[in-house]
Amino acid sequence: MRKKLGCLHAHHSNIEYIEQAFQNIENVELVHFVDSGLIQQISKGTEGLAFKVKEQLEWMESCDMDAILITCTNYIAVLEEELLELSIPIIKIDEPYFETICEEKQPQTILFTNPETIEGTMNRLQQYAEQNGKSIDVVTKVIDNTFELIMQGKKEAYNNAIIQTFHDIAREQRRISVAQLSMVEAAQQFEKESASTITHPLKSLVKFVMRLIEK
């Protein structure tokens, strides 16, 4: 029996990345929900946003989903677990990503294009590391003046800016990763062109999701 996985996105551009990741998984049906308004609200402050996310997740559950995947780190950061009374698994896209980062022994640079996501992501990463008894050596870097490109639909220019940054910092003796789903395509392209390895949120996502929804 096919499982219905509801995917909550902050921008429609994330849909294709999740579709790509699950394209060979026959027993999962993806159902996409997009709420871009939250990104606009976060820039004004996070007060009260947890209730908005709670309402959205409850609405998705009522649509007969078997599990929910949250693909936006901003959504995850403002979510207050104690508010939820859902009977289905809530999967956060950054958890398998954190797992990978915490297993890495080499110093790491985590790249972002959206500065609004850094604090929430890094707070959750530190919490995850502490809870799992891991010590990590990470620094963050923002690729300035780039996130607005993807929000304007200028995908090629967005990817090119990210790839140029990969080239600029590739000589550093640090493992490189990208924290945002919108950066995955550029990471995959750079890997093909350079034979380098870039850690990104999709690499271990499918196995992580299937482990939870097949219980």
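Odds and ends about this structure:
- Convex hull (Cα only) mean projected area of the range 147-215, reported in nm² to one decimal: 5.7 nm²
- Virtual spin-label span in nm between residue 24 and residue 152, 7 Å along Cα→Cβ: 3.8 nm
- Extension gain for the segment residue 192 to residue 2, taken as residue separation times 0.36 nm less the Cα-Cα distance, is 65.1 nm to one decimal.
- The value of relative contact order for the range 95-199, using C-alpha pairs under 8 Å at least six residues apart, is 34 percent.
- A simple charge model with +1 on the Cβ of Lys and Arg, -1 on the Cβ of Asp and Glu and nothing else charged puts the dipole of the chain at about 520 debye relative to its Cα centre.
- Cα gyration tensor shape for the range 81-144, rounded if a/c is under 1.5, else prolate or oblate: oblate
- Taking max minus min of the alpha-carbon positions on each principal axis, the range 58-215 gives extents of 47, 39, 27 Å, largest first.
- Rounded if a/c under 1.5, otherwise prolate or oblate - the range 1-144, Cα gyration tensor axes: prolate
- Taking a straight Cα-Cα cut-off under 17 Å and skipping sequence neighbours fewer than 8 places away in the same chain, the aspartates and glutamates within cross-link reach of residue 3 are 19, 26, 29, 61, 64, 66, 214.
Rule-based calculations on the coordinates, nothing more; no lab input. The structure presented is a predicted model; accordingly, all values stated were derived computationally and were not measured. FYI the Cβ positions are ideal-geometry reconstructions off the backbone, even for glycines, and counts take in every protein chain you see.
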